[in-house]
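Below is one structure; the comments refer to it alone.
The values are calculated or read from the model by the stated rules, or taken from the named source; none is laboratory data. This is a predicted model, so every value here is computed, not measured. Here the Cβ is made from the backbone with ideal geometry for all residues, glycine too, and neighbour counts use every protein chain on show.
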Amino acid sequence: MIGFESRPRVRAHEERRVFWAWTTLLMLAFALPGLQSCAQGASGEDIVTASDEPEPRRRARLRLQLALGYYERGQPTVALDETKQALAIDSGFVEAYNLRGLIYMKLDEPRLAQESFRRALSLGGDNPDVLHNQGWLQCQQGEFAQATRSFERALAQPAYAERAKTWLSLGLCQIRAGQAGPAEQSLLKAHELDAGNPVTGYNLAQLLYARGAPQDARFYIQRINNNGALANAETLWLGAKIEHRLGHPQARDRLGSQLRAHYPGSKELDFYDRRAFDE
């Protein structure tokens, strides 16, 4: 693997755009996959529980499923109340501490979020879902070395099913830390496992473009821009910059026309109209 020092640095404003693209979508994807596999719906209806679970755990799981529904609907305070009730019923419920950590992250309480994740790990060992969420929190706090360790511990679990998302998060965190070379390798691993994820494709294309590999970047961004449901102003603008650098004016201007048609008030269209392809 080529070291970071041998690659051009991604400029600061590009780092911010690379890191924050689709982060809301990214976070929602991480909400308690272990719990969701055990229950369906956001209410007490249609709950599927293991028949051999103790009664307190079944009641706590019902409460936690309600909490998850409120969390996903953007009601973190109500979700926190339900989570506290779940823990009052079953104080050893790892998934409840995991969700409590996510809720505290949403409420901008990083210290309380970290305490929740640590409690979950003390009860459940190297639970990869908890480690992933702890790593994301540490990355947001600028604790990049600790975040890397948390993500790597999650990836080390043989049965972990969400490896693509954790490789992606590790890559995004490495971008934020200014580690472009390792970030590219992490995103490539994420892409191998989930080639259709637009977050991975966009950020990988951005990294490749920034280090002077526009032809490679074009491969990833085209997969997004050719799918109208995935393309947005950021992806179209990046595609236009790549085509410009490759000397493809017709392809560049087709993307500019799409920007004008679908995102007429965007800053990306303003960049295109100013021909700011190399800024």
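What the table below lists for this structure:
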{"item": "Close pairs from segment 168-192: first in contact (Cβ under 8 Å) with a residue 40 or more places away in the chain, partner crowded, with 24+ Cβ neighbours inside 10 Å and hydroxyl-bearing (Ser, Thr, Tyr), Cβ under 8 Å, at least 6 apart", "result": "Leu168/Ser186; Leu168/Thr200"}
{"item": "Only listed residue being of a type in the set (D, E, K, R), in contact with a Lys or Arg (Cβ under 8 Å, 6 or more places away or on another chain) and either at pLDDT 95 or above or crowded, with 18+ Cβ neighbours inside 10 Å (or both), chosen from Glu184, Glu192", "result": "Glu184"}
{"item": "Qualifying positions in segment 202-253 - in contact with a Ser or Thr (Cβ under 7 Å, 6 or more places away or on another chain) and within 22 Å of Gly181 (Cα to Cα)", "result": "Tyr202, Ile221"}
{"item": "Residues located in segment 138-178, provided they are in contact with a Pro (Cβ under 6 Å, 6 or more places away or on another chain) and either crowded, with 24+ Cβ neighbours inside 10 Å or assigned to a helix (DSSP H, G or I) (or both)", "result": "Ala154, Gln174"}
{"item": "Only one of Ala164, Ala120 that is under 21 Å from Met105 (Cα atoms) and small (Gly, Ala, Ser)", "result": "Ala120"}
{"item": "Hits in segment 130-159 - residues which are more than 14 Å from Leu170 (Cα to Cα) and either touching a residue at least 40 places away in the same chain (Cβ under 8 Å) or of a type in the set (Val, Ile, Thr) (or both)", "result": "Val130"}
{"item": "Helices (runs of 4 or more DSSP H) lying entirely in segment 182-250 (those with 2 or more residues that are in contact with a strand residue (DSSP E or B) (Cβ under 6 Å, 6 or more places away or on another chain) and among the basic types (Lys, Arg))", "result": "none"}
{"item": "From Ala217, Ala240, residue being within 14 Å of Phe277 (Cβ to Cβ), crowded, with 23+ Cβ neighbours inside 10 Å and touching an Asp or Glu at 6+ places or on another chain (Cβ under 9 Å)", "result": "Ala240"}
{"item": "Criterion violated by Leu259 - all others in (1) over 27 Å from Thr148 (Cβ atoms); (2) assigned to a loop (DSSP other than H, G, I, E, B); (3) not acidic (Asp, Glu) satisfied", "result": "(2)"}
{"item": "Residue within segment 116-126 that is hydrophobic (A, V, I, L, M, F, W, C), over 20 Å from Ala190 (Cβ atoms) and crowded, with 23+ Cβ neighbours inside 10 Å present", "result": "yes"}
{"item": "Positions within segment 84-104 being within 23 Å of the chain's Cα centre (by Cα) and buried (at least 22 other Cβ atoms within 10 Å of the Cβ), in sequence order", "result": "Glu95, Ala96, Tyr97, Asn98, Leu99, Arg100, Gly101, Leu102, Ile103, Tyr104"}
{"item": "Selection from segment 29-78 of residues that are surrounded by fewer than 16 Cβ atoms within 10 Å (Cβ to Cβ), within 20 Å of the chain's Cα centre (by Cα), outside any loop (DSSP other than H, G, I, E, B) and at pLDDT 55 or above", "result": "Glu72"}
